[in-house]
Amino acid sequence: MTKRISLLVCLLAQVVAAQSGAVRVLASNGMKAVIEELQPRCERAVGHPLAIEYGSTAALMQKIDAGASFDVAILTSEAIGDLVKESKAVAGTRADFARCGVGVAVRTGAPKPDISTSAALKRTLQAAKSITYAKDGASRGYIDKMLERLGLVEETKPKIVLTQGSGPAMASVASGQTALVMTLMSELLPVHGIDVVGPFPAELQNYVSFGAAASAKASQLDAAKALIAFLKSPEAAPIYKAKGMEVIIPGR
């Protein structure tokens, strides 16, 4: 019954979006803070409202594979590449915007542990009573590799809590249920109830890049192209930085 209700809600949302001339956007949680900040300007630039659905890249890719309609997908660059290869997105519309590193946060007011070096981060993870991150998040692979590199896979396994999406992971730290959360910096910075400790040390850092492409079946193709152009414009660049991301400069 719950699945049927969710499907009905999704279909109704798509109908409303189509009737209003809205540009239907599927956007990764890693880009949520940027898009929420830029949405009014995006809508002015595009000339249409945006109907946005946020989620993990993995979850949104599953929706697309199941036939969900959209005009623009804003996901990890790897996922956008897959959509182009599968002819689900228009290659000529593809653009990469920014990249984001992985960071650590604790509950607001809690002492901030030292994560400035590999050795310090290892001690912090060993001392933490519990650790959480998203099992389907874009940063999951990097976090797993970091734990492996530090030799902490077996030691930390009993205290790791994996969540569906990064939102529940951050909420569990904000409520005091878990001690430490690891996810993309762009996801950590806007959340109330947690304090960002900082990014992983440089020697352990990896970056997730994000981009977009228009759907091969876009009903608002011109508007989709305009949205992508705005998101890679100089006007958008300062917002990426403010939200913990680094702008991707073509050719570098």
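The values are calculated or read from the model by the stated rules, or taken from the named source; none is laboratory data. None of these values were measured; they are calculated from a predicted model. Counting neighbours? That spans all protein chains shown, and the Cβs are built from the backbone with ideal geometry, glycine included.
Here are a few things to note about the model shown:
- Tallying residues that are in contact with a strand residue (DSSP E or B) (Cβ under 8 Å, 6 or more places away or on another chain) and either more than 13 Å from residue 137 (Cβ to Cβ) or at pLDDT below 95 (or both) within the stretch 62-77 yields 10.
- If you check 84, 106, 90, 102 for being closer than 18 Å to residue 193 by Cβ and β-branched (Val, Ile, Thr), only one passes: 106.
- Screening residue 198 on (1) among the small types (Gly, Ala, Ser); (2) closer than 29 Å to residue 88 by Cβ; (3) not assigned by TED's automatic domain parsing to the domain that holds residue 32 shows it passes everything except condition (2).
- Count of the stretch 140-170 residues which are outside any loop (DSSP other than H, G, I, E, B) and surrounded by fewer than 18 Cβ atoms within 10 Å (Cβ to Cβ): 15
- The stretch 23-59: number of residues that are part of a loop (DSSP other than H, G, I, E, B) and touching a residue at least 40 places away in the same chain (Cβ under 8 Å): 3
- Filter result (among the basic types (Lys, Arg), out of contact with any strand residue (DSSP E or B) (no Cβ under 7 Å at 6 or more places or on another chain) and in contact (Cβ under 8 Å) with a residue 40 or more places away in the chain) within the stretch 96-138: 129
- Answer from 201, 234, 168, 250 - the residue that is at pLDDT 95 or above and more than 23 Å from residue 59 (Cα to Cα): 201
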